[in-house]
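To start, the structure itself, in structure tokens.
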Amino acid sequence: MTLPVASFTQVTLLTDSDGRARFRESPIALTEGKPQALLSPLLPSGGLQLRRSPVGFRSEFHCTGDPQWVFILRGQMEIGLQDGSSRLFGPGEHFFSADTLPAGASFDAQVHGHWSRQVGPDPLETLFVRA
């Protein structure tokens with residue numbers, strides 16, 4: 001049986017060739033499973049962590065240490081980039097965080113990384129799954 005062509009949109013926060021963080025969207029094909037429950041191929045993972053950030057939380061600019069999936073469980077998370085743009089993620093949304101420091105570079109808070117913050121009246125609860 002041939003499964004319908006479907007994909008999952010992977011939003012990736014990555015380090016571009018200029019060393020700055022950017023968002024990119026790409027498909028992950030759902031090529032396995034059944035028509036009622038399409039699946040991607042099994043993806044590797046290296047453990048998970050849960051985090052609760054209080055109302056008012058905001059980080060400084062930083063790079064992702066190890067690439068990881070970030071799933072928003074409760075509350076809202078905003079990710080801001082060096083170019084002044086930002087993107088808001090709510091419960092049930094996710095992104096793949098891979099904006100690591102370029103090889104050989106020293107961290108420069110004016111160039112590298114992103115900031116994150118809790119938005120709204122609810123604490124932010126997130127699930128991190130290491131790639």
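Derivation of every value follows stated rules applied to the coordinates shown; laboratory data play no part. Note that the structure is predicted; figures quoted are calculated from it, not measured. Cβ: placed from backbone, ideal geometry, glycine included. Neighbour counts: every protein chain shown.
Segment Leu42..Phe57, full-extension length gain: 2.0 nm, with 0.36 nm per residue of separation and the alpha-carbon distance subtracted. Taking other C-beta atoms within 10 angstrom as a stand-in for reagent exposure, Thr100, Thr126 fall in the order Thr100, Thr126, fewest first.
In debye, nearest 20, what is the charge dipole magnitude of the stretch 71-131 about its Cα centre with +1 on Lys and Arg Cβ and -1 on Asp and Glu Cβ, if you could check?
Values: 4 positive and 7 negative charges, 25 e Å.
Roughly 120 debye, rounded to the nearest 20.
Under 5 Å from the amide H of Ser97 lie the amide H atoms of Leu13, Gln68, Trp69, Val70, each residue being 5 or more positions distant or on a separate chain, with H modelled from the backbone and absent for Pro and chain starts. Placing +1 on each Lys and Arg Cβ and -1 on each Asp and Glu Cβ, with no other charges, gives the chain a dipole about its Cα centre of roughly 300 debye.
With the Cα gyration tensor of the stretch 43-130 giving a ≥ b ≥ c as the square roots of its eigenvalues, does the rule (a/c under 1.5 for rounded; else a/b larger than b/c for prolate; else oblate) give rounded, prolate or oblate?
On the way: a/c = 2.09, a/b = 1.23, b/c = 1.70.
Since a/c reaches 1.5 but b/c is at least a/b, the shape of the stretch 43-130 is classed as oblate.
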